[in-house]
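The values are calculated or read from the model by the stated rules, or taken from the named source; none is laboratory data. In this text the structure is predicted, and so the values were computed from the model without any measurement. Cβ placement follows ideal geometry from the backbone for every residue including glycine, while neighbour counts extend to all protein chains displayed. The accessibility values were calculated without ligands, DNA or RNA, using every heavy atom of the protein model including side chains. Shrake-Rupley method; radii C 1.70, N 1.55, O 1.52, S 1.80 Å.
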Amino acid sequence: MSTVNHARPLAVVILAAGKGTRMKSDLHKVLHPIAGRPMIEHLMASAAELAPQRQVVVVGSGRDQLEAAMGTRATIAVQEPQHGTGHAVQQAEAALADFDGDMLILYGDVPFVSAGTMQAMINRLHGEDAPAVVVLGFELEHTLQYGRVIVEGDRVTKMVEHKDASDAERACRLCNSGLMAVRAADLFGLLARVDNANSQGEYYLVDIVNIANADGRSCAVVITADADEVAGINSRGELAEAEERWQKRRRVQAMADGVSLLAPDTVWFSWDTALGRDVLVEQNVVFGPGVTIADNVRVRAFSHLEGATLASGVEVGPYARLRPGAVLEEKAKVGNFVEVKKATLGKGAKANHLSYIGDAEVGAGANIGAGTITCNYDGYFKHKTIIGERAFIGSNSALVAPVKIGADAIVGAGSTVTRDVSEGELRIVRGEQLVKPGWADRFHDAMKKKKAEAKAKK
């Protein structure tokens, strides 16, 4: 078998015209996320490794949602009404009228087909026997309602949908994933000859294999060893199962890469989570999209991180929340019940307890006391707080932005700071402390007497 001709252009057609009624959602089925990323984006990321020149997404309902999601990356073709998979692929013909190369037919709700599998299909398309169509198959012990691939060796002799299969054909365990590789020069001519004389009255894409066979041309199958790779997602339950499978693999990979997970099943990653070596992740930690963590970082239990960047030696949590734009420089520390948003904590800076730090720059070595908040929002606009190096912010302080605290300055506990604090300055903003000796004793005596009198009247 020859290897693929990399000079040949590639087009990808992604079918996403199903109504997705089992999802019971206003969101298009293929936009439901797995690991924080829409399922169709997982698929397109794999396809991107093959550098396709064209991408067409075939949609039915939810067109506006997919157009917004795809932008200029793909042409949108509309299938309305829906008359089967063959009819769906035909809707891409106009967008590919001037295309002459190889084509991959994929499904938006089958998100985890690897680039390696796609490449294997293209390679087989250019084998010495030059098959007209290459089908991706997989084997199952319980074949359910999948269509069957009837083969001799790797040559496909017949494709049949489950509902139209004989008992002997249903006994075959090689199932059809629906994915195909075919030359553009062949595809639409074969599709034009597909009819709907079947139990569903639909135009089946698989029939192009049977038509090519009838023409005396060969068709081939590539078999993936991982049935999960071609698992479709049609319901919330299947979405949750796909999420769990993805998370299990990611946890295994993280540990293989030098990350310690104290309770792996309780840690949830996003599709783009990047972790360095000797990172320790405790129980019940969630990584949202956009988290990058350097070496020797500890993320303690029940913390949630999203859009955050952590340098070496940082410690976070327990019960911390890092929101988008949080940057923790080397050996910075964010402790329990601290929230950081769009803020940078410099080298060695600390916010150990019960604080909100938003739209801020905290200098190296600064200390943020418990209960401190940066008051960054006036109801209309966000404003910035700048805290200098080695500054000390006392507990239960409110820093009303825009405001700047100079290096080595001290803000006394309980202060509400509305004006800049100079370097090395002590700023205390409190009401005058009133002292009345003996007042509390007299109050207690009077109230006890009043209570006793009230009881006596009953």
Test each condition in (1) among the charged types (D, E, K, R); (2) under 20 Å from Gly317 (Cα atoms); (3) surrounded by fewer than 17 Cβ atoms within 10 Å (Cβ to Cβ) for Glu282 and report the one that comes out false. (3)
Which ones in the range 92-114 are small (Gly, Ala, Ser), surrounded by fewer than 21 Cβ atoms within 10 Å (Cβ to Cβ) and assigned to a loop (DSSP other than H, G, I, E, B)? Ala97, Gly101, Ser114
Which condition breaks for Lys404 when tested against (1) open to solvent by 100 Å² or more (accessible area, probe 1.4 Å); (2) in a loop (DSSP other than H, G, I, E, B); (3) closer than 28 Å to Ala320 by Cα? (2)
In the range 313-332, which residues are farther than 11 Å from Ala364 by Cα and either among the aromatic types (Phe, Trp, Tyr) or assigned to a strand (DSSP E or B) (or both)? Glu315, Val316, Tyr319, Arg321, Leu322, Val327
Scanning the range 312-326 for residues that are closer than 8 Å to Val297 by Cβ and surrounded by 18 or more Cβ atoms within 10 Å (Cβ to Cβ), the one nearest to the chain's Cα centre (by Cα) turns out to be Val316
Can you find a residue in the range 332-345 that is in contact with a Ser or Thr (Cβ under 7 Å, 6 or more places away or on another chain), touching a residue at least 12 places away in the same chain (Cβ under 8 Å) and either surrounded by 18 or more Cβ atoms within 10 Å (Cβ to Cβ) or of a type outside the set (A, V, I, L, M, F, W, C) (or both)? yes
Would you confirm, using the coordinates I've provided, whether Ser303 is modelled with pLDDT of 95 or more and over 18 Å from Ile357 (Cβ atoms)? no
Matching residues in the range 333-348 (among the hydrophobic types (A, V, I, L, M, F, W, C) and either over 26 Å from the mean Cα position of the chain (by Cα) or assigned to a loop (DSSP other than H, G, I, E, B) (or both)) number 3
Quick check on the range 292-304. Is at least one of its residues among the small types (Gly, Ala, Ser), touching a Gly at 6+ places or on another chain (Cβ under 8 Å) and open to solvent by less than 10 Å² (accessible area, probe 1.4 Å)? yes
Looking only at the range 411-431, decide whether some residue is of a type in the set (A, V, I, L, M), open to solvent by less than 90 Å² (accessible area, probe 1.4 Å) and closer than 22 Å to Leu328 by Cβ. yes
Tally of residues being open to solvent by less than 20 Å² (accessible area, probe 1.4 Å) and either assigned to a helix (DSSP H, G or I) or at positive phi (or both) across the range 21-45: 8
May I ask you to list pairs of residues, at least six apart or on different chains, whose Cβ atoms are under 6 Å apart, with the first in the range 188-212 being of a type in the set (Gly, Ala, Ser) and the second being assigned to a loop (DSSP other than H, G, I, E, B)? Ala212/Ala132
Among Glu41, Glu49, the single one that is at pLDDT 95 or above, of a type in the set (Asp, Glu) and under 13 Å from Ile14 (Cα atoms) is Glu41
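Looking at the range 62-86, which of the residues that are assigned to a loop (DSSP other than H, G, I, E, B) and closer than 28 Å to Asn198 by Cβ is most open to solvent (accessible area, probe 1.4 Å)?
Here the answer is Glu80.
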Does Arg148 satisfy the condition of being at pLDDT below 95, open to solvent by less than 20 Å² (accessible area, probe 1.4 Å) and either within 18 Å of Arg217 (Cβ to Cβ) or not hydroxyl-bearing (Ser, Thr, Tyr) (or both)? yes
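Against the definition (at pLDDT below 95, open to solvent by less than 60 Å² (accessible area, probe 1.4 Å) and of a type in the set (A, V, I, L, M)), how does Val89 come out, yes or no?
no
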The range 415-440, residues that are closer than 22 Å to Ala370 by Cα and free of Cβ contacts under 8 Å to residues at least 12 places away in the same chain: Gly431, Gln433
